[in-house]
Amino acid sequence: MGPAKPDPRDAQLKALLRTLEAGRTCPIRKTAIAKLVALRHPGAIAPLKQARYRMSNGVLGFGRRNYNACLTADAERAIKTLSTAPR
């Protein structure tokens, strides 16, 4: 047996995860979530869990806010979909 072939979706996964992490606006990050669900790559689950909460620094815990609050519901649905999807 030779080496395992890489998943052809890996490059697209990497690009979408970069958009999810660094997208400047919430609509851009939400679009990345929809594309991750369509990609059906199990490697997207852990980054989606992390993306649900992107907190600002605040001061001593006061004034913190979740910059990704706008996409938390979408991320939750995506995690559920990808967790139950056949691989």
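No lab work stands behind these numbers, since they all come straight from the coordinates. All of these numbers come straight from a predicted model, not from anything done at the bench. As a convention, Cβ positions derive from the backbone with ideal geometry for all residues, glycine included, and neighbour counts pool all protein chains shown.
Pairs of alpha-carbon atoms within less than 8 angstrom and 6+ residues apart define the contacts here; what relative contact order does the stretch 10-84 have, in percent? Walk me through the numbers on the way to the answer.
Details: 85 pairs, mean separation 23.1, N = 75.
Once normalised by length, the contact order is 31 percent.
Residue 46 versus residue 84, label points 7 Å from Cα toward the beta carbon: distance in nm?
If labels sit at residue 46 and residue 84, their model points lie 2.4 nm apart.
Please name whichever of 41, 66, 84 sits farthest to the positive end of the charge dipole of the stretch 10-84, dipole taken about the Cα centre and charges placed at Cβ: Lys and Arg +1, Asp and Glu -1.
Value: 66.
Once mean projected area of the Cα convex hull in nm² is worked out from the coordinates, which option in (1) 5.7; (2) 10.2; (3) 7.1 does it equal?
Only one option fits the structure, namely (3).
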